[in-house]
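Below is one structure, written out as structure tokens; comments come after it.
The values are calculated or read from the model by the stated rules, or taken from the named source; none is laboratory data. This is a predicted model, so every value here is computed, not measured. For neighbour counting, all protein chains shown are included, and Cβ atoms are generated from backbone atoms with ideal geometry for every residue, glycine included.
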């Protein structure tokens with residue numbers, strides 16, 4: 001499935017119409033009406049981020065949607081005093097958008113790369129700072145627009161929380177498309193999943209999502225980086241270097257149980273998520289010494305990694 005423009009427009013409307021207090025349930029119901037053949041599920045929610053908002057007055061009435069565009073409209077010469085004078089004419093506040101990103105996936109085939117990923121932002125606009133604080137005088141318009149240090153105000157809500165569409169894509173088409181950044185590690189990661197016991201416990205997209213970052217290089221060319229991100233947070237696998245055998249076998253099996261699928265320790269290791277590479281080497285050494293606790297298919301995946309380690 002390659003989401004079309006009309007699909008994106010429809011899912012954006014579904015996001016805007018969903019009640020954030022219902023979590024993903026309300027949105028999933030709307031997605032089911034758009035794509036009856038796809039069963040979306042929430043896999044990961046990541047919070048703790050924010051971005052600059054706009055400008056409101058003392059009554060929280062909207063002055064501008066974008067703080068940057070508003071500040072730039074107040075001056076043509078780059079004179080910060082012009083901006084400060086505009087703020088003194090009325091009590092104004094800058095806002096910020098506090099956000100969480102919800103990652104939802106839907107399986108489209110049997111292979112690990114066969115899924116669609118939807119990213120939705122849950123946004124809450126709050127007060128951030130008073131724009132004419134006598135104790136804070138920025139040196140330039142840029143510092144005024146995006147300061148590093150400034151007096152904060154109580155982050156009172158400016159509007160109700162809302163859901164906003166961010167991105168939807170086919171993992172298969174994303175990974176198969178040519179681009180400036182190679183994804184060989186990711187493709188091998190998914191191929192290892194398909195060959196291992198993990199694939200027999202559930203689809204890849206039930207446990208992992210793709211973290212996509214867009215940027216531009218020094219020449220202004222678009223750059224795209226993709227990495228795997230686990231859907232659950234786990235504590236680092238406890239292990240003492242040199243300790244293998246039954247002790248290590250018990251620990252990796254317990255780790256798999258907590259993650260919800262076999263070989264979780266291996267895939268976290270490859271993704272550099274809380275499992276030391278030395279653990280993989282020790283497990284392989286245990287089997288070479290005749291102490292076996294992995295199925296043959298998983299041992300084959302591990303030995304391939306030992307012969308040519310990689311990261312995803």
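For residue 245, the requirement of being more than 30 Å from residue 106 (Cβ to Cβ), in contact (Cβ under 8 Å) with a residue 40 or more places away in the chain and exposed (fewer than 15 other Cβ atoms within 10 Å of the Cβ) is met. Summed over the range 137-150, residues that are part of a loop (DSSP other than H, G, I, E, B), surrounded by 11 or more Cβ atoms within 10 Å (Cβ to Cβ) and either free of Cβ contacts under 8 Å to residues at least 24 places away in the same chain or over 27 Å from the mean Cα position of the chain (by Cα) (or both) total 5.
The residues on offer are 49, 70, and the sole one that is surrounded by 15 or more Cβ atoms within 10 Å (Cβ to Cβ) and touching a strand residue (DSSP E or B) at 6+ places or on another chain (Cβ under 7 Å) is 70. A count restricted to the range 263-301 and to residues that are part of a loop (DSSP other than H, G, I, E, B), under 31 Å from the mean Cα position of the chain (by Cα) and farther than 17 Å from residue 229 by Cβ stands at 2.
Please work out if residue 311 is under 28 Å from the mean Cα position of the chain (by Cα), in a loop (DSSP other than H, G, I, E, B), at pLDDT below 95 and in the same structural domain as residue 199 (by TED's automatic domain parsing).
Details: under 28 Å from the mean Cα position of the chain (by Cα): yes; in a loop (DSSP other than H, G, I, E, B): yes; at pLDDT below 95: yes; in the same structural domain as residue 199 (by TED's automatic domain parsing): yes.
Yes: the conditions hold for residue 311.
When each of 94, 12, 106 is tested for being closer than 30 Å to residue 132 by Cβ, touching a strand residue (DSSP E or B) at 6+ places or on another chain (Cβ under 9 Å) and crowded, with 16+ Cβ neighbours inside 10 Å, the lone residue that passes is 94.
When you check residue 174 against the structure, is it closer than 21 Å to residue 56 by Cα and not assigned by TED's automatic domain parsing to the domain that holds residue 212, yes or no?
Here the answer is no, as residue 174 does not meet what is asked.
Look at residue 51 and say whether it is more than 23 Å from residue 137 (Cα to Cα) and within 35 Å of the chain's Cα centre (by Cα). When the stated conditions are applied, residue 51 does not pass them.
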